[in-house]
Amino acid sequence: MPRTDRTVRPTTARASLPSLRASTRRAMRPSGPPTDEIPIWTTPDGVDPLTAQAVIDLAMRAGVAMIATGAAAADVTATVLTLTKAYGLSSVHVDVTYTSVTVSYHRGPHADPITVMRIVRFRVQDYTRLERLRGLIVELSHDPVPVDEARVRFDAVITAPHPYRRWLVTVAGGALAAGAAGLVGAGPVIILLSFLTATVVNRVIGWLTNAGVAAFFAQCVGAAIPTAVATLVVVAQSAGIGAVGDVSPSLVVASGIVLLLAGLSVVGAAEDALEGYYVTAGARGFEVVVLSLGIAVGISVVLSLGKRLDYPIAITSQTLLSDNVVVQVVCAVVISVAFAVMSYSSGRAVAVAGVAGGLGWVVLALGERVLALGAVTGSATAALVIGFAARLLARRLTISALAVTTAAIVPLLPGRMAYEGISQLVTDPDGNGFATGVPTLVQAFGLGLGLAAGVSLGTYFAGLLVARSSGLRPRPAAGATLQTDPDPDAPGSTAPLLSDAPPATETTLAVADERTQP
């Protein structure tokens, strides 16, 4: 007779098979949609063609004005999409390059799209106008007035006069060069010469630009002027003039190079690359290369003439102003403030730029003297700190972070290093000039890239921190189409952050590994 006091254990051999299949299925098959989504048009948004055309024209004007005054491609795209959404246009696509802006409004399969492209004919650094444009777009996104009234307000912002007179901007350029000369060890005579030379360079470049001369040739002339002044100093020293007997004329050239390099958009190129706008980043970067080549050509021509006349310019070995860090910080603050004024930044932005420039130099000094970092690493670290702090302060003070970061890294630009490499190539072409000059120029180029990358990374990390503290999702890179979600609190929502307009009627179609590129 079988025993009945034992506990019967059910077998799990067959029951485990469905569980194994389910586990395998869960491991092999995705449980959610792909990461990237592209928008598709579904239903009309109710905007009549005349209103849509007027809104597209206004958004196009705003985009062109922003990129012409120094904004990054991502900011231009976000501005255009925010403005069009505020007026009810849901399916709008934006394509931004360095020389053109295209806005297209897709009205569905049975209606003609509205597409407008405009060429960016000139580019200047005018951060006050850029701040006013951003403020106007934010106001319109919260309270969209009639398009005709919005156009009048936009024209008022565009045609408003500069906050500073021309003579003050010219003096600021001279102060920038004088601060750069003092930063690399110049005495009172060279600082005064650098100031006067920079004012002349500023006015000459302005005249050449107004006359329609290409930027490359304007850079050549601008670089040739301080080199010619330095050559005249060498001639005066050869003639025995006591006032310039113990000065280093090469510092005049170095300060002039800093003045010319300060206007190049290295920060904008790095920001566009990090945001995924590679066409615009490539165009900005190539422009930096071409204009830097113009500086090299202008210096090389004058140095070659000076060498033929037996008046070569010797390179000073002094790189910093003694060991007084306080004096160095003061010079860095002067340089940053001067460039902020030259780029027409607002008063608060000028003050913050001066503080950020001094902070960056303190970080550089600590990195080189305490942590024994190299020139490139120390400069990149200082630029990262500048970008991070400027992004946080700009949000709190409602100023342009680009204006602050661009001005604050000017004291870190490798003016003397670039001149040293060019001088080595020109003065000793048959000897060791090529072997010593090219590595010096490469190091200067790497330092410039380090500055741009450091500022961009610092700004990017600060943006992530601000988004996380605000409970918002950071804007995705290379977003050329405004994507909206009916539920802004849903996971993965891409609802815009600046506009309170009603949700658009556009839905999304999940496509694996597809991304809308600008």
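Each value in this text was obtained by applying a stated rule to the coordinates, not by laboratory testing. Computed from a predicted structure; not experimentally measured. Ideal geometry is used to build each Cβ from the backbone, glycine not excepted, and the neighbour counts take in all protein chains shown.
Figures for the structure shown
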| quantity | calculated |
| --- | --- |
| For the range 132-251, Kirkwood radius (reciprocal of mean inverse C-alpha pair distance, Å) | 17.6 Å |
| Pair-distance profile P(r), taking every C-alpha pair of the range 152-198, with 5 angstrom steps and integer % | 5, 22, 19, 12, 10, 9, 7, 7, 6, 3, 0 |
| Per-residue ³J(HN,Hα) for the range 169-179, Karplus 6.51 cos²θ - 1.76 cosθ + 1.60, θ = phi - 60°, Hz, x for Gly and Pro | 5, 5, 5, 4, x, x, 5, 4, 5, 5, x |
| Environment charge of I257, counting only residues whose C-beta is closer than 12 Å and scoring Lys/Arg +1, Asp/Glu -1 | 0 |
| Proximal charge balance of T405 [Cβ under 11 Å; K/R count +1, D/E count -1] | 0 |
